[in-house]
């Protein structure tokens, strides 16, 4: 049977596809045991729930299988601790420096920006649930409470934030980077529609370009001092949500759904994605739960009675509130006047979000504070 050192050498052909270095030099091989023709390998990923873990597993099996009588390879995936990630970062800096190349960061390493106290993603498992409306209305309510707020429109191929706020000016650029366009009430916005020559120009980009563009909208924009940066994500669990969850230091995630079994089924995918990537979930908002008749003021349930609140409880996720279907929202969004809209439930949702951020940060990172220390 081959020795462990021989097998370790074989594993040097396995490359982490995100970092571009072999898993042995990165310290990802945590355990290797050979017994009775079977090899048991424990691999520590640089990010929990890495979508490329299957590729790494297959490459490990391919490297070891049938070598020196090994007829079975069992791979166990775990994830690195923050200390281990720090060690990887130092190792990569040293190796890149020896090659005269700029240092890279492991996938689990978060981008940092001075001045941005809390980054919160707003996402949904499917389209058409009013995610951009929730993002915009949350920003408006937080701004009314005296917080400095920004919105990064992460839906690069279908941006709508600029339209909702009635923005059309191009961002100014100086030595600090691009300057976000401000709304009437002072909300700072960066959206792809503000960067295009024409707002109806299609953005036809593949995954790697979307990944880099989102990172640049975070790092290369001069956001200044922000209490909260809301990131409006496209629907699903694809490239843009994955990039934001892996690369940005998220303090919370708001998940938007509508009261349908199909919507909730897909929302569970978003919840599971956030949990696999160790991203905190602030809670679920149910949008278009009902509407109020403009003539008799009766409450009309447009869908069957929702079970989202009880399902959220079962999943251990906060239920933030139910928002009505309100035709006024559509009119104001189409005319760029969303800052004129007010809804008591949205105010309550924003306060719950603030409370969750303050508890997470021990009340130190949101100003003015909501929770008074005794």
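Computed from the coordinates by the stated procedures, all read-outs in this text should not be read as laboratory data. These figures come from a predicted structure and were not determined experimentally. Cβ sites come from the backbone with ideal geometry, for glycine too, and all protein chains shown count toward neighbours.
Report the dimensions of the chain along its three principal axes from the alpha-carbon atoms, largest first, rounded to Å.
Taking the Cα atoms of the chain, the three principal extents are 82, 53, 52 Å.
How high is the FRET efficiency from residue 5 to residue 86, r the C-beta distance, R0 25 Å, rounded to 0.05?
For R0 = 25 Å, the calculated efficiency reads 0.40.
For the range 190-249, what does the alpha-carbon gyration tensor say about shape, rounded, prolate or oblate, given a ≥ b ≥ c as the root eigenvalues, a/c under 1.5 as rounded, and a/b over b/c as prolate?
oblate
At a threshold of 8 angstrom on Cα-Cα distance, excluding pairs fewer than six apart, so keeping six or more, what relative contact order does the range 4-98 reach in percent?
In percent, rounded to a whole number, it is 27.
Taking springs between alpha-carbon atoms closer than 10 angstrom, which of 22, 193, 287 fluctuates most in the Gaussian network model of the chain?
22
Working from the pairwise distances between different alpha carbons, so that the mean of 1/r is found and then inverted, what is the range 232-352's Kirkwood radius in Å?
So the Kirkwood estimate lands at 15.8 Å.
Determine the calculated [θ] at 222 nm for the chain from helices alone, applying -39500 (n - 2.57) to every DSSP H run no shorter than 4 residues and normalising by the residue count; nearest 500 deg cm²/dmol.
My calculation for the chain gives -10500 deg cm²/dmol from helical runs alone.
Could you give the angle, 0 to 90 degrees to the nearest 10, between helix 82-98's Cα long axis and the longest principal axis of the Cα atoms of the chain?
The angle comes out near 70 degrees.
What is the gain in length, in nm to one decimal, between residue 111 and residue 261 on full extension, counting 0.36 nm per residue of separation less the C-alpha to C-alpha distance?
Here the answer is 50.4 nm.
What FRET efficiency would be calculated for the residue pair residue 331, residue 215, taking the C-beta separation as r and a Förster radius of 35 Å, to the nearest 0.05?
0.50
What residue among 310, 289, 257 shows peak mean-square fluctuation when the chain is described by a Gaussian network model with Cα springs under 10 Å?
Of the options given, 310 has the highest mean-square fluctuation.
Once you put a point 7 Å from the Cα of residue 172 and another 7 Å from the Cα of residue 278, both along the Cβ direction, what distance in nm separates them?
Result for the modelled spin labels: 4.1 nm.
Among 80, 302, 123, which one moves the most in a GNM of the chain with springs linking Cα atoms closer than 10 Å?
In this elastic network of the chain, the residue with the biggest mean-square fluctuation among 80, 302, 123 is 302.
Using Cα pairs under 8 angstrom and six or more residues apart, how large is the relative contact order of the chain, in percent?
About 17 percent, as a whole number.
What full-extension length gain, to one decimal in nm, is calculated for residue 67 and residue 310 as 0.36 nm per residue of separation minus the Cα-Cα distance?
Contour length minus the Cα-Cα distance gives 82.2 nm.
At each listed q (0.11 Å⁻¹), what is the log10 of I(q)/I(0) that the Debye formula gives for the range 4-98 modelled as equal alpha-carbon point scatterers?
So the normalised log intensities work out to -0.31.
So the label point goes 7 Å from the Cα of residue 24 along Cα→C-beta, right? Which residues of the range 51-93 then have their backbone N under 13 Å from it?
Residues passing the 13 Å test: 63-64.
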